[in-house]
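The structure appears right after this line, and notes come after that.
The values are calculated or read from the model by the stated rules, or taken from the named source; none is laboratory data. Values in this document were obtained by computation on a predicted structure and should not be read as measured data. With ideal geometry, Cβ positions are generated from the backbone for all residues, glycine too; neighbour counts draw on all protein chains shown.
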Amino acid sequence: MKVPRPVIKRMPVYYRCLERLKNEGVKYVSSQKLARRLHLKDSQIRKDLSHFGKFGKRGVGYEVESLLNDITKILGLHKQWKVIVVGAGNIGKAIARFRALEKNNFKVVAVFDTDKRKIGTELLPGLKILDIANLRDFVSRERADLAILAVPASSAQAVANDLQKAGIRGILCFAPVTLSCAIPVEYVDITAFLKTLAYSVLTEKYNM
Ligand code: NAI
C-alpha cells in the first residue's frame with residue numbers, strides 16, 4: 001500500500017526530533033512526549049509509524065536510537081546520496097556550500113553551468129563548476145543519484161529532460177515551474193510558502 005505523502009513529509013520531522021533527543025542523551029521517548037515536542041497528536045505519530053512496521057513498546061515508548069535507525073533506513077539515509085547542482089548562481093552556489101547536506105548523507109559531487117566565465121572556478125576545495133556539456137558523462141561515470149535544479153525557469157524543463165536522460169533518479173527544483181518528468185520531483189518555492197503564510201495570517205482567528 002502506498003504511504004500517503006503527508007506521512008512521508010512528517011518522517012524527516014520525526015528524524016530531526018529523534019536526533020536531537022539522542023544528542024540530549026534521552027534513551028526512551030513516548031509518543032505523547034514526541035507529540036508535545038512536535039505539536040502533533042500522539043495518535044498521529046503512532047498511525048504514521050504504523051505504515052512502516054511495528055515500533056515501540058506499550059508503557060515504555062520508543063527506544064530513541066533504535067527508532068532513529070529505523071527512520072534512517074526508511075528514508076534511505078543509511079547510504080550516501082550523490083547530488084549534483086545545476087545552475088551555479090545565487091541559489092546553486094549557496095546550496096553547494098551548505099554543509100548540513102553532507103552531514104545528512106547528501107554529498108554534492110559536482111556543480112554545472114553554461115556560463116564560460118564560471119566554468120572551471122572552484123566553489124569549495126575539490127568542487128569545481130563544470131561545463132553542462134559534460135553532464136551525461138559525469139552522471140554515468142560517478143553514478144550521481146539526485147539533482148538540484150537552480151537554473152532560470154526558461155531552461156528548467158530542458159535541463160530536467162537532460163538530467164533524466166543522463167540517469168538522474170530524482171530532482172529538487174528551485175525554478176518556479178512545474179516540470180513534466182518521469183522521475184520524482186520535489187519543489188522548493190519560498191514565495192509559495194510566503195503566500196500560504198500570508199493567507200494564514202489573514203484568516204487566523206485568535207482564541208485569546
Ligand atoms: P542566477 O541567475 O543567479 O543563477 C542561474 C544560473 O543558472 C546562472 O549561473 C546561469 O548561468 C545558469 N544557467 C542558465 N541556464 C543554464 C543551463 N541550461 N544549464 C546550466 N546552467 C544554466 O539565479 P538564482 O537567483 O540562483 O535562481 C535560480 C533559480 O531559482 C531561478 O529559477 C529562480 O527563479 C529560482 N529561485 C527560487 C527560489 C525558491 O524559493 N525556490 C528563490 C530564489 C530563486
Query raised in the report: touching a residue at least 60 places away in the same chain (Cβ under 8 Å) and under 17 Å from Leu21 (Cβ atoms) - does that describe any residue in the stretch 44-54?
Result: no
Query raised in the report: Do we have Lys79 as exposed (fewer than 11 other Cβ atoms within 10 Å of the Cβ), under 30 Å from Val26 (Cβ atoms) and of a type outside the set (Asp, Glu) here?
Result: yes
Query raised in the report: Within the group Pro6, Pro12, which residue is part of a helix (DSSP H, G or I), free of Cβ contacts under 8 Å to residues at least 12 places away in the same chain and under 15 Å from the mean Cα position of the chain (by Cα)?
Result: Pro6
Query - Criterion (surrounded by 17 or more Cβ atoms within 10 Å (Cβ to Cβ), within 22 Å of the chain's Cα centre (by Cα) and among the aromatic types (Phe, Trp, Tyr)) met by exactly one of Phe106, Phe98 - result: Phe106
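Could you please find all residues in the stretch 33-48 being in contact with a strand residue (DSSP E or B) (Cβ under 8 Å, 6 or more places away or on another chain) and either among the aliphatic types (A, V, I, L, M) or farther than 13 Å from Tyr14 by Cα (or both)?
Taking the stretch 33-48 first, the residues in contact with a strand residue (DSSP E or B) (Cβ under 8 Å, 6 or more places away or on another chain) are 33-34.
If the condition is that a residue be in contact with a strand residue (DSSP E or B) (Cβ under 8 Å, 6 or more places away or on another chain) and either among the aliphatic types (A, V, I, L, M) or farther than 13 Å from Tyr14 by Cα (or both), then Leu34 is the only one that fits.
Given the structure, is Gly92 touching a residue at least 24 places away in the same chain (Cβ under 8 Å) and on the phi > 0 side of the Ramachandran plot?
So Gly92 does not fit the description; no.
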Query raised in the report: When both residues are 6+ apart or on different chains and their Cβ atoms are under 6 Å apart, which pairs have a first residue that lies in the stretch 168-191 and is within 18 Å of Pro152 (Cβ to Cβ), and a second that is surrounded by 16 or more Cβ atoms within 10 Å (Cβ to Cβ) and aromatic (Phe, Trp, Tyr)?
Result: Val188/Phe174
Query raised in the report: Can you name the condition, by its number, that Leu38 falls short on among (1) away from the ligand (no atom under 16 Å from the Cβ); (2) touching an Asp or Glu at 6+ places or on another chain (Cβ under 6 Å)?
Result: (2)
Query raised in the report: Among the residues of the stretch 63-73, is any closer than 24 Å to Glu142 by Cα, at pLDDT 95 or above, surrounded by fewer than 17 Cβ atoms within 10 Å (Cβ to Cβ) and of a type in the set (Lys, Arg)?
Result: yes
**Report entry** In the stretch 44-62, residue modelled with the highest pLDDT [restricted to those that are of a type outside the set (D, E, K, R) and exposed (fewer than 11 other Cβ atoms within 10 Å of the Cβ)]
**Finding:** Gly53
